[in-house]
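Let me begin by presenting the structure, written as structure tokens, before commenting on it.
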Amino acid sequence: MPGRKTVRYLLLALLINVGLLCAYVQAGQTQLEASDIVVTTGIRDRMPVDTVRSYAASVDALYCYSRITGAGKDVTISHVWYHDGREVARVVLPVGSPNWRTWSKKRVPITGRGNWRVDVLDEQGGLLGARKFQLL
């Protein structure tokens, strides 16, 4: 059986950790995650209709769908679209709850053939996830 001193130290450590956790949660600091990232040709009923890995460059527009979990209040994410390694669009999207679905739309230019990527970033620019695809 542990001594009284050991028990006091353990209780103190527990109280400190609980206090830190409460302050962390009260400050609205939660861990954002992108649990789903899909590039798709359309959104129906707030869900992607398909998944694009490679697609004909003649497509008019594509969407990047992402499910964001762990958000606090007043949080935004960004979808950053790249074509052949060059940023071509940046869309800032609000996240309204701890489990939120959102998407951005990118019109595909006539010269859209090549390698594409969409990065999903948090407010500080941290990478939550990415999807690569090709337009043929």
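The values are calculated or read from the model by the stated rules, or taken from the named source; none is laboratory data. All values derive from a computational prediction rather than experimental measurement. Cβ atoms come from the backbone with ideal geometry, glycine included; neighbour counts cover every protein chain shown. All accessible areas refer to the heavy atoms of the entire protein, side chains included, with ligands and DNA or RNA removed. Shrake-Rupley method; radii C 1.70, N 1.55, O 1.52, S 1.80 Å.
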Inset, instruction - Taking amide H positions as placed in the peptide plane 1.01 Å from N, state which residues far from residue 89 in sequence (5 or more) or on other chains have amide H under 5 Å from it. - result: 81
Legend entry - Whole-Hz couplings from phi, Karplus 6.51/-1.76/1.60, listed for segment 31-48; x for Gly and Pro: 8, 6, 9, 9, 7, 9, 9, 9, 9, 9, 8, x, 10, 9, 6, 6, 9, x
Inset, instruction - Can you send over the carbon and sulfur percentage of the accessible area for segment 39-136, probe radius 1.4 Å, protein chains only? - result: 48
Legend entry - Long-range amide H partners of residue 57 with built H, under 5 Å: 136
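Per 0.36 nm of contour for each residue apart, how much would the distance between residue 45 and residue 31 grow if the chain were fully extended, relative to their Cα-Cα spacing?
Numbers: separation 14, 0.36 × 14 = 5.04 nm, distance 2.68 nm.
Contour length minus Cα-Cα distance gives 2.4 nm.
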Legend entry - Table column - 3J(HN,Hα) (Hz), segment 122-128, Karplus curve with 6.51, -1.76, 1.60, x for Gly and Pro: 7, 5, 8, x, x, 7, 8
Inset, instruction - Using a 1.4 Å probe and ignoring any ligands, DNA or RNA, find the accessible area of residue 136 and quote it in Å² to the nearest 10. - result: 110
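Can you give me the accessible area per residue for segment 28-136, using a 1.4 Å probe, in Å²? Let's see the in-between values first.
Working: 6120 Å² over 109 residues.
That works out to 56 Å² per residue.
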Inset, instruction - Between residue 105 and residue 127, with labels modelled 7 Å along Cα→Cβ, what's the label distance in nm to one decimal, could you check? - result: 2.9
